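J.: My structure is below; once you've seen it, I'll send some questions.
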Ligand code: RIB
Ligand code: CA
């Protein structure tokens, strides 16, 4: 029984590896890829998403452009992490596959209205603008979403774009607030777990030797790791977004707690902070499974095996 998913993304080298992992996994039926402005502007993230589908030799996957700016905030991008194109590393040809005409938000709504309730999982890998816009435009879809498994937020790790906030939530905190208050079954892969999913030299060289796809992955992670090595002194790139797909494939690689997570939207100082009540000090009801740990070796074994299939 395949699991139907929509990947909502802002590629982004780590988004690219997540998309490859999903397309290499027969357990997942990728109904479409919806793109949002985030790491770089929408014109580049939609281009990058199509490039990645062609790296996977899957030009059949429909790619939809979504929101080009957050619900309320001005767009903040991350070229300092992902490079000018958002997919710096190996030079890849311009995409040949078309971008779909339909807006990503309408694709999300129509897919959820068409498919049987509770059978489609949303996998946001970037700012939550498209997801929140869909929930605002068609509130009834909330009861039809099987699960939202997203990369975003932080607790012990605190922030990577400000001292308090992780990038995906920071870019559109109002959208994140809508999603976290939607009542949908949410699983959060925060920096606390993604910073435990660091690449290492051996793995990157294994990738580089693994043919065309592996070479692209190695070049992307080589580029992407610069930021974290400089900022955290870590050795290796945190593969943030692939943890979302790995969770779908092997949830037993992960562990976390059902807790309450609220989003700071009022304060300039802490805008976009995920206020995660890890120790249950408030009486606020749990609204998310907040993942805190992963089996790193198991994650990389899964990633290596699946990417080797492409
Ligand atoms: O903070 C990390 C997240 O922000 C990842 O999804 C990365 O791709 C960027 O979107
Ligand atoms: Ca991303």
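The values are calculated or read from the model by the stated rules, or taken from the named source; none is laboratory data. None of these values were measured; they are calculated from a predicted model. All Cβ positions, even for glycine, are placed from backbone atoms using ideal geometry, and neighbour counts span all protein chains on display.
J.: Here is a list: 154, 175. Which entry is surrounded by 22 or more Cβ atoms within 10 Å (Cβ to Cβ) and in a helix (DSSP H, G or I)?
T.: 175
J.: Would you point out the residue of the range 135-151, among those that are in a helix (DSSP H, G or I) and surrounded by 12 or more Cβ atoms within 10 Å (Cβ to Cβ), that is nearest to ligand 1 (Cβ to nearest atom)?
T.: 135
J.: Moving on to the next point. Please pick out the residue among 204, 217, 213 that is within 30 Å of residue 91 (Cα to Cα), without any contact (Cβ under 8 Å) to a residue 40 or more places away in the chain and not in a loop (DSSP other than H, G, I, E, B).
T.: 204
J.: Also: Output the residues belonging to the range 1-39 that are surrounded by fewer than 24 Cβ atoms within 10 Å (Cβ to Cβ), assigned to a loop (DSSP other than H, G, I, E, B) and modelled with pLDDT of 95 or more.
T.: 2, 24, 25, 26, 27
J.: How about the range 40-69: which of its residues are within 29 Å of residue 229 (Cβ to Cβ), outside any helix (DSSP H, G or I) and within 15 Å of ligand 1 (Cβ to nearest atom)?
T.: Residues satisfying the conditions are 40, 41.
J.: Kindly evaluate residue 128 against the criterion of being in contact with a helix residue (DSSP H, G or I) (Cβ under 9 Å, 6 or more places away or on another chain), modelled with pLDDT of 95 or more, farther than 30 Å from residue 276 by Cα and within 13 Å of ligand 2 (Cβ to nearest atom).
T.: no
J.: I would also like to ask the following. Is there a residue in the range 293-304 that is closer than 29 Å to residue 218 by Cα, touching a strand residue (DSSP E or B) at 6+ places or on another chain (Cβ under 7 Å) and at pLDDT 95 or above?
T.: yes
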